[in-house]
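Have a look at the structure below, then the notes.
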Amino acid sequence: HTPSILDWYAEKYSNVRVIYQKNAGPAVARNRGIKAAEGEYIGFLDSDDMICTDMISRLYDSAKANNCDIAITSVYKIEDDGYKVIMAYQLEENVAIAVEDFFQVYFHTDISMVAVWNKLYRTVFIKERLLPELTLGEDGAWTPYILSYAENICYLNDLSYEYDRVVCKNPLMHKWGGNQTKEERFLIHKEMVTFYLKHGNPKRINFLKVMAKWSLIGWQNTYAYDEYEKLREQIEETF
């Protein structure tokens, strides 16, 4: 009943617009939303996640006060034993942080989760930098890319975003992941890192290469597939 729920919101709130299109994956949907957006900042929410009711307003206030291209919040997840923080950084809160400094902290925290959805982005900043329209992995390809073009970001460690609220035993994403071969999974990861290395800000290519390197090492350790190491060597030679 998603269409009727969305239509109800659109009738009740004048600032809600509903866009219908044939399902073509999350990247196409996000890009359609970016093109249609008229607000000063843009944020994304995945369909199996939740946010605190004031997350957007707090991130917006921080971005405006500090003149930042991107505002970021920390993330938690609900597991059987309770709440678990899965994304947080040792950064000063509610101040403008140079993106180079953010990358340095990012590398020493956890780059296994590259997220498009716990952030607000200045609209004019991303309208010219749409997501690659990949079937899977578009967020992992686009997020490093867009970060590389930002000048300043701001951060609030207020755990406003709740990730992966699983409400059924066999989510579709788990089925997709379980059916992938090692080669298919590798090709998705290859598309991700290749995109941000090719299209990212040339001034910050060294940061992007470090991100690609550590991501590939992590995937190699997880999936035990030699092509990750070969790709890492190719990246060192090519970029």
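The values are calculated or read from the model by the stated rules, or taken from the named source; none is laboratory data. These figures come from a predicted structure and were not determined experimentally. Please note: Cβ atoms are built from the backbone with ideal geometry, for glycine as well, and neighbour counts cover all protein chains shown. The protein model used for the area step is the full one, side chains on, heavy atoms only, and it has no ligands, DNA or RNA in it. Shrake-Rupley method; radii C 1.70, N 1.55, O 1.52, S 1.80 Å.
For segment 44-56, putting each phi into the Karplus relation 6.51 cos²θ - 1.76 cosθ + 1.60 with θ = phi - 60° gives couplings of 10, 9, 6, 5, 9, 10, 9, 10, 5, 5, 10, 4, 4 Hz, in residue order, rounded to whole numbers and with x for Gly and Pro.
Taking a ≥ b ≥ c as the square roots of the Cα gyration tensor eigenvalues, with a/c under 1.5 meaning rounded and otherwise prolate when a/b beats b/c, else oblate, which class fits segment 1-81? Mind showing how you got there, number by number?
Details: a/c = 1.62, a/b = 1.22, b/c = 1.33.
Oblate.
In the context of the full set of protein chains, the chain has a per residue accessible area of 57 Å² (1.4 Å probe).
Site pair Thr2 and Lys35 shows an inter-label distance of 1.9 nm when each label is modelled 7 Å from Cα along Cα→Cβ.
Probe radius 1.4 Å, ligands and nucleic acids ignored: give me the carbon and sulfur share of the accessible area of segment 189-239 as a rounded percent.
Details: 1400 of 2960 Å².
So the carbon and sulfur contribution to the accessible surface is 47 percent.
The phi torsions of segment 94-103, fed into the Karplus equation with coefficients 6.51, -1.76 and 1.60 and a -60° offset, translate into couplings of 6, 9, 6, 10, 4, 4, 4, 5, 5, 4 Hz, rounded to whole numbers, with Gly and Pro shown as x.
Can you give the extra length, in nm with one decimal, that the chain gains between Ser47 and Lys203 once fully stretched, where that is 0.36 nm per residue apart less the Cα-Cα distance? Provide the component values of the computation, followed by the final result.
On the way: separation 156, 0.36 × 156 = 56.16 nm, distance 3.47 nm.
Full extension from Ser47 to Lys203 adds 52.7 nm.
So if each residue of separation counts as 0.36 nm, and I subtract the Cα-Cα distance between Tyr9 and Asn67, what length gain in nm does that give? Display every interim value, and only then the final one.
Working: separation 58, 0.36 × 58 = 20.88 nm, distance 3.12 nm.
Using 0.36 nm per residue and subtracting the Cα-Cα distance, I get 17.8 nm.
What does the charge count near Gly25 come to, summing +1 for each Lys or Arg and -1 for each Asp or Glu among other residues with Cβ under 14 Å from its Cβ?
Working: positive: Lys22, Arg30, Arg32; negative: Asp46, Glu133, Glu138, Asp139, Glu191.
Every neighbour counted, the sum reads -2.
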